[in-house]
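Novice: My structure is below; once you've seen it, I'll send some questions.
The values are calculated or read from the model by the stated rules, or taken from the named source; none is laboratory data. Source: prediction; values computed, not measured. For neighbour counting, all protein chains shown are included, and Cβ atoms are generated from backbone atoms with ideal geometry for every residue, glycine included.
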Amino acid sequence: MRFRTRAIHVGNERDPATGAIVPPIHLAATFVQQQAGEWGEFDYSRSGNPTRKNLERTLASLEDGCGALAFSSGMAATHCVTMMLQPGDHILAGSDIYGGTYRILHKIVQRTGVRVSLAPSHDLTRFEAAIQPNTRLLWIESPGNPLLTITDIAACAAIARRHRIPLAVDSTFATPVLTRPLQLGADIVMHSATKYLGGHSDVLGGALIVRDPQRYDQLYFIQNATGATLSAFDSFLVSRGLKTLELRVLEQSRSAARLAEFLSGDRRVRRVLYPGLKDHPNHAIAATQMQGAFGAMLTFEIEGDFERTRSVVQSTRLFQLAVSLGAVESLIEQPASMSHASYDPADRAAHGIGDTLIRLSVGLEHFEDLRDDLDQALNV
Ligand code: PLP
């Protein structure tokens, strides 16, 4: 079955008891057993729930993994991966990563005696040079947030294999529609399901998808022991979102590409960061690694300063001023004061997240309405 067909049919089999075309939502917290000490497929919803299981089957199929785990948020999924490590171990992460990932690595994970450092994963020579003898996890994001750098996942996976270190990829921006990191050699794919997978700004969720059963068992054990599972109702919402994932991502990407062209030719804009533009430094890798489109996230720098940038993001009418991304509504934000405010200011500047940067999540509205909205906001 092709991607779109799997998104609709895998994990969404009709209910044999009633014939309902949409599987029922199983809200039960506990499941009655036939005999003491002999467990059926489900016993308690933290350990496993039929509605969550359906979603996990769809996710594993879409990412070509052996299994998936659904979490109560993207951060819970990320946290679960970091809990594989022991005190004294080291995590090497890319420098273009979500601000919340930066925060959990530096403010929570470091407290447990795990060391953390960042290096640009789109520059593989520098990234590999930053590997230490105690590095036990490589963490990358592609496209990166908010600079939309592209990391060559296959080349990074080759480095990870050479050093015998697992590679985890936050693929939230790419979605399995455009990139499948496990096929490229990664060990773990992470998603904030809050974004494109859910797609409608009405559910918070996260996911891990893995290539080998041992890794699945290890992560399942941590998830069950710590408990940040996705609720049955929220699992249903993500499952519903997945059915239109491909259509949404391709159409939203089409508008993003057209907006990138529009902004590139505008005097009020200093530079546009979009992997689909030929002048993007990693365009060639993006063209092979991202299939069919370059994503619906777009970042640009304007002429001016911090205050002028604030005025612009506060002046759009259709683009809503909000963090998050990936839903049908277009959003606008200033990373320096919003999504990446939790960075240490010196680190933020060192990693190129400037005051005049604006990040767009392009939604499903008509392209011309979005273009006109940006045009009027840039006039403030
Ligand atoms: N990864 C990326 C790339 C994100 O953009 C986000 C949230 O914005 C997360 C992870 C965290 O996900 P959540 O907000 O679902 O916890």
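Novice: Which ones in segment 86-115 are among the β-branched types (Val, Ile, Thr) and either closer than 16 Å to Cys156 by Cβ or more than 16 Å from the ligand (Cβ to nearest atom) (or both)? Break it down stepwise before answering.
Specialist: Going through segment 86-115, the residues among the β-branched types (Val, Ile, Thr) turn out to be 91, 97, 101, 104, 108-109, 112, 114.
Result: Ile91, Ile97, Thr112, Val114.
Novice: Exactly one of these conditions fails for Phe31: (1) at pLDDT 95 or above; (2) aromatic (Phe, Trp, Tyr); (3) buried (at least 18 other Cβ atoms within 10 Å of the Cβ). Give me its number.
Specialist: (3)
Novice: Would you say Pro281 is in contact with a His (Cβ under 7 Å, 6 or more places away or on another chain) and not in a helix (DSSP H, G or I)?
Specialist: Working: in contact with a His (Cβ under 7 Å, 6 or more places away or on another chain): no; not in a helix (DSSP H, G or I): yes.
Judged against the criteria, Pro281 is not a match.
Novice: Same structure, new question: Taking the stated definitions as given, is Ala130 within 16 Å of the ligand (Cβ to nearest atom), modelled with pLDDT of 95 or more and over 19 Å from His283 (Cα atoms)? Give the derivation first.
Specialist: Working: within 16 Å of the ligand (Cβ to nearest atom): no; modelled with pLDDT of 95 or more: yes; over 19 Å from His283 (Cα atoms): yes.
Spelling it out, it is not the case that Ala130 is within 16 Å of the ligand (Cβ to nearest atom), modelled with pLDDT of 95 or more and over 19 Å from His283 (Cα atoms).
Novice: With the structure loaded, tell me whether Met338 is modelled with pLDDT of 95 or more and surrounded by 16 or more Cβ atoms within 10 Å (Cβ to Cβ) or whether it fails that test. Lay out the reasoning, then the answer.
Specialist: Values: modelled with pLDDT of 95 or more: no; surrounded by 16 or more Cβ atoms within 10 Å (Cβ to Cβ): yes.
When the stated conditions are applied, Met338 does not pass them.
Novice: Let me ask another. For segment 201-271, list the helices (runs of 4 or more DSSP H) that sit wholly inside it and hold at least 3 residues that are in contact (Cβ under 8 Å) with a residue 40 or more places away in the chain and within 16 Å of the ligand (Cβ to nearest atom); which are they?
Specialist: Working: elements: 213-226, 232-242, 245-264.
Here the list reads 232-242, 245-264.
Novice: Based on what the data block shows, is Arg136 without any contact (Cβ under 8 Å) to a residue 12 or more places away in the chain, more than 14 Å from the ligand (Cβ to nearest atom) and over 21 Å from Ala293 (Cα atoms)? Before the answer, list the steps.
Specialist: On the way: without any contact (Cβ under 8 Å) to a residue 12 or more places away in the chain: no; more than 14 Å from the ligand (Cβ to nearest atom): yes; over 21 Å from Ala293 (Cα atoms): yes.
Against the criterion (without any contact (Cβ under 8 Å) to a residue 12 or more places away in the chain, more than 14 Å from the ligand (Cβ to nearest atom) and over 21 Å from Ala293 (Cα atoms)), Arg136 does not qualify.
Novice: I need a count of the residues in segment 323-346 that are over 14 Å from Pro146 (Cβ atoms) and either of a type outside the set (S, T, N, Q) or away from the ligand (no atom under 16 Å from the Cβ) (or both). Reasoning before the result, please.
Specialist: Quick first cut of segment 323-346, residues over 14 Å from Pro146 (Cβ atoms) only: 327-330, 344-346.
Cutting the leftovers down to either of a type outside the set (S, T, N, Q) or away from the ligand (no atom under 16 Å from the Cβ) (or both) gives us 327-329, 344-346.
Of the residues in segment 323-346, 6 are over 14 Å from Pro146 (Cβ atoms) and either of a type outside the set (S, T, N, Q) or away from the ligand (no atom under 16 Å from the Cβ) (or both).
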